[in-house]
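Only one structure is covered here, and it is reproduced in the block below.
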Amino acid sequence: MLTTIIIIFIAFLAIRWAMKKAKTKDKPLWSIGYALYFLTDIFTQGYDSDEALGRVVATSRNGMPDLSDFSSQHVIVGLKAYANAQGEISKLNSPSVIQSLSEAVAVEARTTLQMATSQSNIAIFFKNFDPDISDERLKGFTEDAMNSIQQKPLSEEGKYTLHELVKSYLMRSFERHHKKDFYSFAAESSQKLVSETV
């Protein structure tokens, strides 16, 4: 009886390990980088505060939009350009890879909404505008911003403040991860895709 239980337990662990390994295999090493690309791109499309923030919130819940929808053409082009820049555009033929990327995008969106509204990020945001800002003024600005984005419902000022905080956080995160600013990376990856598909 004990032997049977041990065998069943070992088999269960083996199945769990195999499933975990398969899932990891389907997840590109550049999934976090792409998630940052996807989210940062939202803030370069000219959306107003409501639309941009709404898209980030929707992403945090649902991941990437349905790529079979015609309205997702911009997302598809960006995804192809990013994957091609990693030398792995062929991986996009796998539905499990697309699902894995979508999950990574959703997780990164949730992380972004949490980190961008943290007191430390707000302080960094103001320091970027004025490196010589005094501690007293920094504290006051940070408190005002915190109060603004915590109002329910958000005022127009709160929406704008939140928009700028999220955008700034994503731009910095993207550059830190890729060692290059978003606009340069996007332009280079798009040109590379076009040159290799002509």
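The values are calculated or read from the model by the stated rules, or taken from the named source; none is laboratory data. In this text, all values refer to a predicted model and were calculated from it rather than measured experimentally. Cβ coordinates were reconstructed from backbone atoms using ideal geometry, including for glycine residues, and neighbour counts include every protein chain displayed. Accessible surface is based on the protein model in full, side chains and every heavy atom, while ligands, DNA and RNA are left aside. Shrake-Rupley method; radii C 1.70, N 1.55, O 1.52, S 1.80 Å.
Specify the residue with the greatest mean-square fluctuation among 60, 148, 90, computed from a Gaussian network of the chain linking alpha-carbon atoms under 10 Å apart.
Looking only at 60, 148, 90, the largest GNM fluctuation is found for 90.
Tell me the net charge near residue 174. Cut-off is 15 Å between Cβ atoms, residue 174 excluded, with +1 for each Lys or Arg and -1 for each Asp or Glu.
Surrounding charge for residue 174 is 0.
Averaged over every viewing direction, what's the projected area of the C-alpha convex hull for region 122-176? Give it in nm², one decimal, please. Write out the running numbers ahead of the final one.
On the way: hull surface 15.5 nm².
So the mean shadow area of the Cα hull is 3.9 nm².
When the helix-only estimate is applied to the chain (DSSP H runs of n ≥ 4, each -39,500 (n - 2.57), divided by the residue count), what is the mean residue ellipticity at 222 nm, nearest 500 deg cm²/dmol? List each step's numbers first, then the result.
Working: 9 runs with 152 residues, N = 198.
Mean residue ellipticity at 222 nm (helix-derived): -25500 deg cm²/dmol.
Hey, in the GNM for the chain with a 10 angstrom Cα cutoff, which one of 37, 169, 183 fluctuates hardest?
183
Please report the net charge: other residues with Cβ closer than 11 Å to the Cβ of residue 160, K and R +1, D and E -1. Walk me through the intermediate numbers first.
Numbers: positive: 159, 167; negative: 48, 50, 156, 157, 164.
Summing Lys/Arg as +1 and Asp/Glu as -1 gives -3.
Let me see the P(r) profile for the chain: every Cα-Cα distance counted, bins of 5 Å, each bin given as a percent of all pairs.
Using 5 Å bins, I get a P(r) of 1, 7, 13, 16, 16, 12, 10, 8, 6, 4, 3, 2, 1, 0, 0 for the chain.
Could you give each residue of region 56-69 its phi-based ³J(HN,Hα) in whole Hz, using Karplus coefficients 6.51, -1.76, 1.60 with θ = phi - 60°, and x for Gly or Pro?
Working through the residues one at a time gives 5, 5, 4, 5, 5, 9, 10, x, 5, x, 5, 6, 7, 7 Hz.
Out of the total accessible area of the chain (probe 1.4 Å, heavy atoms of protein only), what percent is carbon and sulfur?
Whole-percent figure for carbon plus sulfur exposure: 58.
Can you tell me the accessible area per residue over the chain, all protein chains present, probe 1.4 angstrom, in square angstrom? Display every interim value, and only then the final one.
Numbers: 12400 Å² over 198 residues.
Per-residue value: 63 Å².
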